[in-house]
Amino acid sequence: MNINKSKAKTVKLGGGEEKHTFEAFVRLIAAEKSIRSKANKEWRVVRANATTTVILDVSRRQEHRIPTQAIYDAHLALYADEIQVATLIPYVGRVHASAASALLYNIVGNGQRQNNLRKFVNSALKQGGFEELQRRLAEIKERK
């Protein structure tokens, strides 16, 4: 598959679902630090570039080095609700399917909202505790 080198952040495919360009996709992965799978297992993105994405299984302390293009190919081929370990095996292999599934679930799949909410809460708690969380929530409420 050719890498899309356009400046656009997303491309529209058949069926109307928007997909990220390769460059935007790599940036999304690199911006992640900690992710959780559907089963609430913790993973860490060690690094990501156009060649390789490295994801750490925190509980097993095992690194998964996965070709970024293989993860991107799965992103292009699968709808958000199709992201699961079994559907990732043809793209990244059985050994890396759990790691790739957790990653895609969080950055482009149905876990995006939970992932963003977790980041929002963690950030507020780190910066000022429960009071900061309450302040940020009140701020959002006022905007509506």
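The values are calculated or read from the model by the stated rules, or taken from the named source; none is laboratory data. Keep in mind the model is a prediction, meaning the values are calculated, not measured. Counting neighbours? That spans all protein chains shown, and the Cβs are built from the backbone with ideal geometry, glycine included. Only protein heavy atoms, including side chains, enter the accessible area calculation; ligands, DNA and RNA are left aside. Shrake-Rupley method; radii C 1.70, N 1.55, O 1.52, S 1.80 Å.
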Revision key, fill the gap. Flagged pairs (Cβ under 9 angstrom, 6 or more apart or on separate chains; first in the range 31-60, open to solvent by less than 90 Å² (accessible area, probe 1.4 Å); second assigned to a strand (DSSP E or B) and among the polar types (S, T, N, Q)) are 42/34; 43/34; 45/34; 45/53; 46/53; 56/62; 58/34
**Study point:** the range 99-110: number of residues that are touching a residue at least 40 places away in the same chain (Cβ under 8 Å) and under 16 Å from residue 67 (Cβ atoms)
**Key:** 4
Check your understanding: What's the number of the condition residue 25 fails, among (1) modelled with pLDDT of 95 or more; (2) in contact with a helix residue (DSSP H, G or I) (Cβ under 7 Å, 6 or more places away or on another chain); (3) open to solvent by 50 Å² or more (accessible area, probe 1.4 Å)?
Key -> (3)
Study note, to complete from the structure: Picked from the range 12-22 (must be surrounded by 15 or more Cβ atoms within 10 Å (Cβ to Cβ) and not aromatic (Phe, Trp, Tyr)), the residue modelled with the highest pLDDT is 21
Exercise for review: Select from the range 78-101 the residues that are part of a helix (DSSP H, G or I) and at pLDDT below 95 and write down the one among them that is least open to solvent (accessible area, probe 1.4 Å).
Suggested key: 80
